[in-house]
Amino acid sequence: MAKTPGFRSPAIAGIGALLIMVLILVSVVVAQESQPDNETCLMCHEGLDASLMATTHRLTKGADKHGFQISCVSCHTGAAVHVEDPSAENIGNPARMTTVDQNEICSGCHQPHKEQGTLGFDPHIGQDLGCTDCHGVHDAGVSLLLDDDGEFCGQCHVAVVSGFRQRSNHPLTSGNISCVSCHDFSGGTEPLVGHGGSTNCASCHQELAGPFRFEHEAGSSFSTEGDGCVACHSPHGSPNERLLTQPVSSLCQSCHGTPAGHMVAHSGIGSAYACVDCHNAVHGSNDNRGLLDPQLGTKFGDGPGSCYCHNVLD
Amino acid sequence: MKRILWISLLTTALLAGMAVAGDFRGDAKVGYVYLDQEGNQAMNQPTYNLYEGGVLSLENFRYTWDNGLRLFGDFDNVTMNNRNMVLGLQKSGHGGATLRHNKYRRVYSFDGERYTRREQTSGQVWVHPMKHVKVFGGYGLTRKAGQMLDLLDPESINEVDYSQSYYNAGAEFTYNRSRLEVEYRGSSYGDDIDELRDRDTRRLRASAVTPVPRYENLLLNAGFQNYQGKMVNRDDTLTANTAWLGARWFYGDGYTVRYSFVIDRARRTGDVVATDNVVNVIYAGKTWRQKGGVQVGYRYRVNDDVFDEINDNGYVFSGWINATPMLQFRAGFGSETSEVQEGSTLTGDQDRTRFWGQARYRCSYGTLRLKGESRKTENDDIGTSADFVRFGTDLAATVEKYGSLVASYSYSDGEYENTDGTFTLRQHVFNGDVYSIEYMKAQIGFGGTYVRSQQDLDIESFSVRMSAMYEFMPKNKIEVIYSAHNFDDFSDVVGTYTEYYTANVVEVNLIHEF
């Protein structure tokens, strides 16, 4: 291995991870104080329980045998005082709280993304967005998201959603996928993307994932040469075909230029022909190092495996 | 066909159940789609999944039992080939099951005869055998088949036919704010065109997060993952081991510090050495409650094999301020430099910078946002750069007396330069919808989308939508939607001007609200 500074062994990191997992076993129990029951709340707030009926926050009638219970006071703090002196000021409403206070309440039952997101560059954390910026409780849908389509995320990410209206795009606006199909809010190792960008893409596009005998290094996020799929593709949408960031030859040339010999020997390859006319195995090849079309000889040359001067299967 | 029959029967059974039970919500929709299209069907992506014919949908279906059990479902276009369906049964704190089915296509040829269709079916089950324990597992199957056309040679057909299954099982242990999760996930990919592509993957992942006892403001996060991708019919395996550690510390009065460390080591069969990816990230922030906040971050990344080593140094600064209760500003700047420390890589050193800013005005009528960003990437060693600027604005407003409006506009300008030439692009994207309030039991809507790509491209596409809905009996509505689509690629690279498309679509729906 080449020498690099820092903590380099997965074994050492793994031991560290194990130690932290062990800490869970000794974490502290938080005491609960006595609170009014649901019936007391519903005497004044009649009908509010109906808005929870079809959601995961449906009120329970006391605790079950596991001790599981959902009541009004699970989310609304300060109820004991509020019962004595009913006022909008002395009851806790997570939707009106600051982010930190809101997280405290939601994390009583859920492991909020903010708590899990101690890794990476999750921009939502730094922007002081709280649970209720995206999630509703009363009258919310199944996933409790205020809405689960791209239009909802697009309220903040206007320019991103406009990308999905371009010539080629992932089918978001038609409802076939949603933002969370690719973006993992549960604390992946990469910012908002499940383990490694390319692995995430491969969950649907396995046919392009490799490993290949001859890799196109640009597409491998594991290698020193690669940025993964996004090196060439614009995943939301693109004015070019197949989500490419630039028209195809221009894209190839941005890293490769026009390699020596191509312009002279082929009377202007790069303008008369596109790179992928010959190098069509752009994701990787099991046939040849040049990522050339194994049928190239049949296509342009004088028979299978041979293209005039070149043995394609080298 | 058999599957459509099953789905229709299931939907009918649900509808029949609703008719006698009475304790439910949902919209049942029966309709018909008329489609009149002309031109290259591969050009206009929004119409790939429009089909002429009958439509049956059951949307936002909910049924609840007294014991807390909840059944929910969304069945969109069950009779169409762009089905999108979910069915679930849950009981909070006990468990649940979810079934999903999704099917859509991507058209490649002028006449629409060459296309690929992706079909995904999956199910997940989870139970809580004890209060702090959740056990989960699932299975999914994805199938894609059809014919693609070569990107630049419309005469060349590439067959696609593969299926991919995955399965997962795991357990989650939670206690107060602590959580430990272990999951095993495997997948199997089988390709009917080229069996050399057949591939199995497996992933074992364990992750945990916990506050430190007695120091609840200090939250620790850790995990480990082993990933293996193996080509079934040849000796080629990629193995990656990843471990991560993280900590977040809330200091009183709005101060936060976060640190993350990730190490990943990947090796392929035949590789002499492994490739390491090591990332260190530290963030510090201060929030003034409901007034504003600032954040500073630094990321150091090493990507290294025995031949090459690349170091990245990245910085980010961001902040937000509520100037008034209605007006908020956000802005940020990020920069990252990649330097080749040892060896040489094709793309050499790289500099990336990004600015962004946003202003938001929110009042009782709605919200108006203005947003801008600039990204620049430079690889001086190979004379390549990408310079991209984008501005966007959106408005969402509701006037109780008249109706609602949602509109957005995005402008982008990009210049991509390399030693052989420059590609430039300027693009405008408009989108908007207006809906009236319900008046005399009727409601109307109007909207459209316009996309214009200029400079080295010359593409124009637009769609116009008009809708009307009328409630003719209590809880029964008739809805008519007309939409027109148009696409033109004026640059005419092929020279035979085949890159145009136009369509008129009329949808008529009868909706019954339960």
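Of (1) buried (at least 16 other Cβ atoms within 10 Å of the Cβ); (2) at pLDDT 85 or above; (3) more than 7 Å from chain A (Cβ to nearest Cβ), B:Asn233 satisfies all except one. Which?
(1)
Which condition number does A:Pro235 fail, the rest of (1) outside any loop (DSSP other than H, G, I, E, B); (2) more than 7 Å from every other protein chain (Cβ to nearest Cβ); (3) at pLDDT 80 or above being met?
Going through the list (1) outside any loop (DSSP other than H, G, I, E, B); (2) more than 7 Å from every other protein chain (Cβ to nearest Cβ); (3) at pLDDT 80 or above, A:Pro235 breaks only (1).
Are any of the residues in the range B:379-395 among the polar types (S, T, N, Q) and under 27 Å from the mean Cα position of the chain (by Cα)? Show your work before the answer.
The first filter runs over the range B:379-395 and keeps only residues among the polar types (S, T, N, Q), leaving B:379, B:384-385, B:393.
Okay, now just the ones that are also under 27 Å from the mean Cα position of the chain (by Cα), so B:393.
Checked against the condition, which is being among the polar types (S, T, N, Q) and under 27 Å from the mean Cα position of the chain (by Cα), the range B:379-395 yields at least one hit.
Answer yes or no as to whether B:Gly93 is part of a loop (DSSP other than H, G, I, E, B), farther than 30 Å from B:Tyr34 by Cβ and touching a His at 6+ places or on another chain (Cβ under 7 Å).
Spelling it out, B:Gly93 is indeed part of a loop (DSSP other than H, G, I, E, B), farther than 30 Å from B:Tyr34 by Cβ and touching a His at 6+ places or on another chain (Cβ under 7 Å).
For the range B:446-470, give me each residue that is crowded, with 17+ Cβ neighbours inside 10 Å, away from chain A (no Cβ under 14 Å) and of a type outside the set (S, T, N, Q).
Scanning the range B:446-470 gives a single hit, B:Met469.
So B:Pro211 passes all but one of these: (1) over 26 Å from B:Gly293 (Cα atoms); (2) at pLDDT 85 or above. Which condition number does it fail?
(1)
Does the range B:374-388 hold any residues that are away from every other protein chain (no Cβ under 11 Å) and part of a strand (DSSP E or B), and which are they?
B:Ser374, B:Arg375, B:Lys376, B:Glu378, B:Asp387, listed by residue number.
Assess whether B:Gly392 counts as being surrounded by 15 or more Cβ atoms within 10 Å (Cβ to Cβ), under 18 Å from B:Trp356 (Cα atoms) and without any contact (Cβ under 8 Å) to a residue 24 or more places away in the chain. Before the answer, list the steps.
Working: surrounded by 15 or more Cβ atoms within 10 Å (Cβ to Cβ): yes; under 18 Å from B:Trp356 (Cα atoms): yes; without any contact (Cβ under 8 Å) to a residue 24 or more places away in the chain: yes.
Criteria met by B:Gly392.
Here's the yes/no breakdown for (1) more than 12 Å from chain A (Cβ to nearest Cβ); (2) at pLDDT 90 or above; (3) under 28 Å from B:Gly319 (Cα atoms):
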site	(1), (2), (3)
B:Ala359	yes, yes, yes
B:Leu370	no, yes, yes
B:Leu395	no, yes, yes
B:Tyr411	no, yes, yes
B:Gln427	no, yes, no
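Quick one: which of B:Glu499, B:Glu471 is touching a residue at least 24 places away in the same chain (Cβ under 8 Å) and within 24 Å of B:Val33 (Cα to Cα)?
After ruling out the rest, the residue left standing is B:Glu471.
Can you name every residue in the range B:147-177 that is within 27 Å of the chain's Cα centre (by Cα) and acidic (Asp, Glu)?
B:Asp150, B:Glu159, B:Asp161, B:Glu172
Residue check: is B:Asp420 closer than 27 Å to B:Val389 by Cα and surrounded by fewer than 17 Cβ atoms within 10 Å (Cβ to Cβ)?
On the way: closer than 27 Å to B:Val389 by Cα: yes; surrounded by fewer than 17 Cβ atoms within 10 Å (Cβ to Cβ): no.
When the stated conditions are applied, B:Asp420 does not pass them.
Can you name the residue in the range A:210-226 that is at pLDDT 75 or above and of a type in the set (A, V, I, L, M, F, W, C) and, of all such residues, is surrounded by the fewest Cβ atoms within 10 Å (Cβ to Cβ)?
A:Phe214
When A:Cys229 is evaluated against the numbered criteria (1) at pLDDT 70 or above; (2) farther than 20 Å from B:Arg375 by Cβ; (3) buried (at least 20 other Cβ atoms within 10 Å of the Cβ); (4) of a type in the set (A, V, I, L, M, F, W, C), which criterion, by number, is the only one it fails?
The one condition A:Cys229 does not meet is (2).
When you check B:Tyr416 against the structure, is it at negative phi, within 10 Å of another protein chain (Cβ to nearest Cβ) and either assigned to a helix (DSSP H, G or I) or among the aromatic types (Phe, Trp, Tyr) (or both), yes or no?
Values: at negative phi: yes; within 10 Å of another protein chain (Cβ to nearest Cβ): yes; either assigned to a helix (DSSP H, G or I) or among the aromatic types (Phe, Trp, Tyr) (or both): yes.
Yes, satisfied.
Considering only the range B:120-202, give the strands (runs of 3 or more DSSP E) lying wholly within it that have at least 3 residues that are at the interface with another protein chain (Cβ under 7 Å from one of its Cβ atoms). Spell out the reasoning first.
Details: elements: B:133-149, B:157-175, B:178-191.
Hits in the range B:120-202: B:157-175, B:178-191.
Out of everything in the range B:237-260 that is under 27 Å from the mean Cα position of the chain (by Cα) and among the small types (Gly, Ala, Ser), what residue ends up being surrounded by the most Cβ atoms within 10 Å (Cβ to Cβ)?
B:Ala243
Residues that are surrounded by 14 or more Cβ atoms within 10 Å (Cβ to Cβ) and modelled with pLDDT under 60: find the helices (runs of 4 or more DSSP H) completely inside the range A:1-100 holding 2 or more of those. Break it down stepwise before answering.
Numbers: elements: A:10-24, A:38-44, A:72-75, A:79-84.
Where helices (runs of 4 or more DSSP H) fall fully within the range A:1-100 and carry at least 2 residues being surrounded by 14 or more Cβ atoms within 10 Å (Cβ to Cβ) and modelled with pLDDT under 60, they are A:10-24.
The values are calculated or read from the model by the stated rules, or taken from the named source; none is laboratory data. Model, not experiment: these values are computed from the prediction. Reconstructed Cβ throughout: ideal geometry from the backbone, glycine too, with neighbour counts over all protein chains shown.
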